[in-house]
Amino acid sequence: MQSPKESPTDQNLPAVVELNVGGQLYTTSLPTLLKDPDSLLSAMFSGKHKIPRDSRGRFFIDRDGMLFRYILDYLRNSKLALPENFNERERLLVEAEYFRLKGIIKALQREKTGSDSRNIRPSGFLSIGVRGTYAFGRDGLADVKFRKLQRILVCGNVALAREVFGESLNETRDPDRDEARYTNRFYLKHNYLEKAFDQLHDRGFKLITSSAGGAGGSLKRLQRPYERYHRPST
């Protein structure tokens with residue numbers, strides 16, 4: 001493998017610049033590379049420094065070639081735009097620090113600060129109730145058999161309920177609720193108690209009290225008292 005060759009000081013750089021960044025090839029304009037006057041790229045391509053070239057004469061930069069595309073996009077668009085599931089922010093921050101691109105550094109740091117604040121989960125209580133149908137035997141309430149779970153009810157702070165149950169939360173009976181308010185009219189779109197328990201557990205809630213019973217008479221529809229869950233602050 002041929003090592004990069006040193007070029008003399010490039011006083012007359014081309015308007016269209018071919019780059020080899022860690023083996024990845026890029027073509028861009030000289031004004032793009034000079035866009036951030038405080039950056040290392042601007043200093044490198046100012047015409048005052050020697051820049052290594054590869055065997056084909058392309059300017060060689062020994063950095064992460066895959067991440068350089070985001071560096072170049074930032075210089076072209078003056079803003080940082082990353083894919084939705086991008087998971088190399090720490091490595092991109094290292095590259096931005098190397099190239100002295102303050103805009104990318106600040107954007108990544110703001111994003112990290114916002115992510116950390118979102119991870120601070122507020123404490124609170126949620127109560128879960130079950131509504132179902134029962135079959136009554138000859139002895140009335142002394143001989144009751146559960147037939148079907150009709151609905152899982154959710155009571156408590158609106159923001160907490162939305163955080164825990166997300167898309168499985170049915171808000172049609174109490175729409176347009178502000179997240180700071182409380183409701184006792186939400187219920188779940190599914191009828192799986194185990195799934196509801198898993199959703200609460202995944203969000204850090206712990207069962208603090210539970211009771212069971214029934215009342216209802218001739219309607220043959222009973223409501224079981226609520227189970228109450230609490231999540232301590234983190």
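Give the percent of DSSP beta bridges with both residues in the stretch 16-114 that are antiparallel, rounded to the nearest 5.
Close to 70 percent.
For Lys50, give me every one of the lysines with a C-alpha distance below 19 angstrom, ignoring sequence neighbours fewer than eight places off in its own chain.
Lys5
So what is the relative contact order for the stretch 16-114, in percent, with contacts set as C-alpha pairs under 8 Å and at least six apart? Could the numbers behind the result be given before it?
Values: 116 pairs, mean separation 26.1, N = 99.
Relative contact order, the stretch 16-114: 26 percent.
Restricting to DSSP loop positions (anything but H, G, I, E, B) with no more than 11 other Cβ atoms inside 10 Å of their own Cβ, which trypsin sites (Lys or Arg not before Pro) remain in the stretch 29-86?
On the way: sites: Lys35, Lys48, Lys50, Arg53, Arg56, Arg58, Arg63, Arg69, Arg76, Lys79; in loops: Lys35, Lys48, Lys50, Arg56, Arg58, Arg63, Lys79.
Passing both the DSSP loop test and the Cβ count: Lys48, Lys50, Arg56, Lys79.
Quick one: which of Lys35/Lys106; Lys112/Lys189; Lys106/Lys206; Lys145/Lys189 span more than 28 angstrom between C-alpha atoms?
Details: Lys35/Lys106 17 Å; Lys112/Lys189 34 Å; Lys106/Lys206 38 Å; Lys145/Lys189 24 Å.
Where the Cα-Cα span goes over 28 Å, the pairs concerned are Lys112/Lys189; Lys106/Lys206.
May I ask you to list the trypsin sites (Lys or Arg not before Pro) in the stretch 147-188 that are in a DSSP loop and have at most 14 other Cβ atoms within 10 Å of their Cβ?
Arg173, Arg181
Determine the per residue accessible area of the stretch 126-203 with all protein chains present and a 1.4 angstrom probe, expressed in square angstrom.
Details: 4640 Å² over 78 residues.
Ligands and nucleic acids excluded, the result is 59 Å² per residue.
Counting other Cβ atoms within 10 Å of each Cβ, which chymotrypsin sites (Phe, Trp or Tyr not before Pro) in the stretch 84-114 have at most 16 and sit in a DSSP loop?
Those satisfying the criteria are Phe86.
The values are calculated or read from the model by the stated rules, or taken from the named source; none is laboratory data. Quantities reported herein were computed from a predicted structural model and do not represent experimental measurements. Using ideal geometry, Cβ is built from the backbone for each residue, glycine included, and neighbour counts are taken over all protein chains shown. When the accessible area is computed, the model is the full protein with side chains, heavy atoms only, and any ligands, DNA or RNA have been set aside. Shrake-Rupley method; radii C 1.70, N 1.55, O 1.52, S 1.80 Å.
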